[in-house]
Amino acid sequence: MSDTAKSGPVLAADGTPLKRSLARALRMQKMRALMLIAPLLIFVLVTFILPIADMLFRSVENQIVSDTLPRTVVALEDWDATSGETPGEAVFKAMAADLQEAAAAKIHTRVGSRLNYETPGISSLFRKAGRKVKKWDVEGDGPFKEMFLEVDDGWGDPDVWRTIQTYSPRLTNGYFLNAADMQKGPDGPEMRPENERIYWVLFQRTLFMSLVITASCILLGYPVAWILANLPSRTANLLMILVLLPFWTSLLVRTSAWKVMLQQQGVINDTLVWLGLVADDARLVMINNQFGTIVAMTHILLPFMILPMYSVMQTINPSYLRAAKSLGATNWTAFWRVYFPQSVPGIGAGSILVFILAIGYYITPELVGGTKGVFISNRIAFHISSSLNWGLAAALGTILLVVVLILYWAYDKIVGIDNVKLG
Amino acid sequence: MANKTSNDAFVEFERVQKSYDGETLVVKDLNLTMPKGEFLTMLGPSGSGKTTCLMMLAGFETATHGDIRLDGVSINNIPPHKRGIGMVFQNYALFPHMTIAENLSFPLEVRKMGKSEREEKVKRALDMVEMGSFGGRRPAQLSGGQQQRVALARALVFEPELVLMDEPLGALDKQLREKMQFEITHLAHELGITTVYVTHDQTEALTMSDRVAVFDDGRIQQLAPPDELYEQPQNSFVAQFIGENNTLEGVIKDIKDGRALVQLDGGELIDCKPINVSKPGERTRVSIRPERVEYNKDRLQEGVHTLKAEVLEFIYMGDIFRTRLRVAGNEDFIIKTRNAPDQVRLQPGQQIEIGWLPDDCRALDA
């Protein structure tokens, strides 16, 4: 043993270093293992990782301006946006040439709507100009500045040109600034006026409500998991069906059931009125607000909290509690000092599951959230399917992803990720 | 125990019964008195009620009927944490999220003891079980035997007067178990603590205890010091359960002068000591220890009945020889002889005659 340390690497029987011959021997095994997981790996790569990467890339991608308006972008390079003056004839000439080409290919409205995200109104300028510019002779006609102003006065606004200039690079941070309620001012990024800050509020609300939902899931789920774990396994399995029952019901049905329960003419209000606890003309507003969203989502996500807590608690031997009591601890001390610390991994696993599910939840807030109870995901969905501002949606999604990763990292620092058990 | 008075009773069970389902009794009419400082073992097969008794004493189960007293005070309604009884569990139940020192410190903390006093007591308790350098480790980093020692130290660190042990050595290998048996008895006697020890291992019970209570069917079948238990079993369950035992079945022919004449089912006559048989005509099960059977004619008493036997098997076991015989139709009749230079090694097929002192052959209930 000791002489190998002196004489360098250990050699196999045929004289090759042992490490190398071990690696060779294991290579075949590794290849075989890789082949086994290859189908899944490729499937995940193609259907999940690549689309997500592509989507995230859209949050900084901005090729459309320089691709559609190449001459204008070059001509605008010399223009000083801070001067407050409209650019010169050269820029307008370049724009006319670009627009004519774009209009022929019918893509001028796309760049219009892209720039419209940044400065509302540009879209219509491009649409109108696109219609006229087809008849212009780019070489012979002129001056183009007047011709553009004739189409629409808006072309004389330096802000329009500044927007074009700002968004001419192929990559942009504009979507991210937008997602963070900021805009590009003359002096670099600045906060939007307070009444226009919508995403910050939404992010805050999403985080806050996810935390509240996670906390209420812990409070409601812990006793249930405790009882399940301490019952004889026959009874526990029977009760487990009740916990799992929601999984067999469609999410839409469950959410709609909450609508029936919580609305002003709903079951709960009717009962309260019938009991005389609430006046008929002062029925409680429990839906289309944060309360409704929290109640419905707590109910829907509760099984995700109970299951990991249950499986962790099942592994805690009841003799620990007995031992603590025999050592002189009261019921509470025995629970708090001995049982609870051992159940923390279950709480951790459940909380991470519930919190991450909650932070990206869409259907339930959409149905019962009204305007005050919607999440950031609803806004992302709006930009994906209604406003078609995919770049902004991607930026919001990226921020959400980063926030989750930061929280995950913080959890790892505080509790330790190895302190999470699913059973 | 000659001068035993009622003051000596430290632990008392009086007419204790326990039922879990309201239909069957797990513990039936248990009466038991233990003086201070005694090491008492509850021995019995699983389901005999011994662990239930321990749990009732610890306070984790309530007696359905009867009174349990500790130092003269009825503890039926005192919760476990106020009983001040140390307990060692079968699986040790060391708290996995605490270090060894924290585990030991726990009972002192809940008693609101000061930090320096705590540290001192923890150190002393760990030194006592020779685990002084392991204070900073976690239970999972220790071997089974080490965990066992720590569990013992934790049960003793708050200086209880009564310590309960529920099959604490069950998970250890044979060698370690024997070592720990010795250490636990020493420690218990040294510290003068009263110990109730539950096990299903009869060797453990015999080697460790001052007295052994043999449980079966919810009752104490016999409560006696180990030697008495082994040599003078009071009924056939105890005779069968403790140690190896040969049984022959028959009918009492005659009882007089402390001797019983038994006619075996094959017709042979033997002399026995009547234990719990009273009148001729009663069926009986006769019990003889393998090492008390004699086949050397010169050493047999004059005039006692002997039995013919055929040697079926000879097993060499090192320190002893174990020979299986056919006696009166029983093919599992064992005799054990010491491996000595002058000892005869019986050969299979050999016909011999065996006998014993009438006192060693006990006529018990059938």
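Can you send over the carbon and sulfur percentage of the accessible area for the stretch A:199-419, probe radius 1.4 Å, protein chains only?
Roughly 70 percent of what the probe reaches on the stretch A:199-419 is carbon or sulfur.
Let me have the relative contact order for chain B, percent, based on Cα pairs under 8 Å that are six or more residues apart. Kindly include the intermediate steps, with their values, before the conclusion.
Numbers: 756 pairs, mean separation 54.4, N = 366.
Value for chain B: 15 percent.
So for the pair A:ALA279, B:ARG299, with labels modelled 7 Å out along Cα→Cβ, what separation do we get in nm?
Between A:ALA279 and B:ARG299, the simple spin-label model gives 10.7 nm.
Roughly what would the spin-label model give for A:LYS19 and B:ALA340, points 7 Å off Cα along C-beta, in nm?
6.8 nm
Of the trypsin sites (Lys or Arg not before Pro) in the stretch A:127-226, which ones lie in a loop per DSSP and count no more than 16 other C-beta atoms within 10 Å?
Counting only loop positions with at most 16 other Cβ atoms within 10 Å, the trypsin sites (Lys or Arg not before Pro) in the stretch A:127-226 are A:LYS134, A:LYS135, A:ARG170, A:ARG197.
Which of B:LEU191, B:LEU248, B:LEU164 ends up with the largest GNM mean-square fluctuation for chain B, with Cα atoms connected below 10 Å?
Residue with maximal mean-square fluctuation among B:LEU191, B:LEU248, B:LEU164: B:LEU191.
What net charge do the residues around A:ARG24 carry, taking every other residue with its C-beta under 13 Å from that of A:ARG24, with Lys and Arg at +1 and Asp and Glu at -1?
Residues near A:ARG24 contribute +3 overall.
Taking Cα atoms of chain B, Rg/Rh with Kirkwood Rh, to two decimals? Please report the intermediate quantities before stating the final value.
Details: Rg = 24.6 Å, Rh = 23.2 Å.
So for chain B, dividing Rg by the Kirkwood Rh gives 1.06.
Of all beta bridges DSSP finds with both residues in the protein assembly as shown, what is the antiparallel percent, to the nearest 5?
75 percent
Would you please name the trypsin sites (Lys or Arg not before Pro) within the stretch A:14-118 that are DSSP coil residues with at most 14 other C-beta atoms within 10 Å of their C-beta?
Listed in order of number, the matching sites are A:LYS106.
So how far apart, in nm, are the two label points at A:VAL44 and B:ASN76 if each is 7 Å from Cα heading toward Cβ?
6.3 nm
Pairs of alpha-carbon atoms within less than 8 angstrom and 6+ residues apart define the contacts here; what relative contact order does the stretch B:261-324 have, in percent?
Relative contact order comes out at 23 percent.
Just for the Cα atoms in the stretch A:135-231, what are the lengths along the principal axes, largest first, rounded to whole Å?
91, 29, 23
In peptide B:91-102, what is the residue-averaged number of other protein chain Cβ atoms found within 10 Å of each Cβ?
4
Taking Rh as the Kirkwood radius computed over C-alpha pairs, what is the Stokes-Einstein D of the protein assembly as shown at 4 °C in a medium of viscosity 1.567 mPa s, expressed in µm² per second? Provide the component values of the computation, followed by the final result.
Details: Rh = 35.8 Å.
It diffuses with D of about 36 µm²/s by this estimate.
Helix A:251-262 sits at what angle to the longest principal axis of chain A, using alpha carbons and giving 0 to 90 degrees rounded to 10?
90 degrees
Would you mind checking which residues have amide H under 5 Å from B:MET165's amide H? H placed 1.01 Å from N; only 5 or more apart, or other chain.
Here the answer is B:VAL88, B:VAL196, B:TYR197, B:VAL198, since their amide H atoms fall under 5 Å of that of B:MET165.
What chymotrypsin sites (Phe, Trp or Tyr not before Pro) does the stretch B:18-66 have in DSSP loop regions with at most 14 other beta carbons within 10 Å?
B:TYR20
For chain A, set up a GNM with springs between Cα atoms under 10 Å and report which of A:GLY121, A:GLY328, A:GLY130 has the largest fluctuation.
Of A:GLY121, A:GLY328, A:GLY130, the Gaussian network model singles out A:GLY328 as fluctuating most.
Among B:ALA58, B:ALA155, B:ALA140, which one shows the highest mean-square fluctuation when chain B is modelled as a Gaussian network with alpha-carbon springs under 10 Å?
Top of the fluctuation ranking is B:ALA140.
On a straight-distance basis, which lysines could pair with B:LYS256 in a cross-link, Cα separation under 23 angstrom, same-chain partners fewer than 8 positions away excluded?
Cα-Cα hits under 23 Å: B:LYS273, B:LYS279.
Round to a whole number: what % of the accessible area of the stretch A:63-170 belongs to carbon and sulfur, probe 1.4 Å?
Details: 2530 of 5290 Å².
Ligands and nucleic acids excluded, carbon and sulfur reach 48 percent.
Just counting partner chain Cβ atoms within 10 Å, what average do the residues of peptide A:315-325 show around their Cβ?
6
Per the 1.4 Å probe, what fraction of the accessible area of chain B, in percent, lies on carbon and sulfur atoms? It would help to have the intermediate numbers written out before the result.
On the way: 7860 of 17130 Å².
Carbon with sulfur: 46 percent of the solvent-accessible area.
Taking 0.36 nm per residue of sequence separation and subtracting the Cα-Cα distance, how much length would be gained by fully extending the chain between A:LEU26 and A:ARG234, in nm to one decimal?
Working: separation 208, 0.36 × 208 = 74.88 nm, distance 4.57 nm.
Going from the current span to full extension adds 70.3 nm.
Limiting things to C-alpha atoms, what are the Rg and the maximum Cα-Cα separation (Dmax) for the stretch B:244-365, in angstroms?
Rg, Dmax (Cα atoms, Å): 14.4, 45.
Buried accessible area for the B:A pair, summed, 1.4 Å probe, in Å² rounded to 100?
1800 Å²
The values are calculated or read from the model by the stated rules, or taken from the named source; none is laboratory data. Note that the coordinates shown come from a computational prediction; the quantities given were computed from them, not determined experimentally. Ideal geometry is used to build each Cβ from the backbone, glycine not excepted, and the neighbour counts take in all protein chains shown. These area figures cover heavy atoms from the full protein model, side chains too; ligands, DNA and RNA do not enter into them. Shrake-Rupley method; radii C 1.70, N 1.55, O 1.52, S 1.80 Å.
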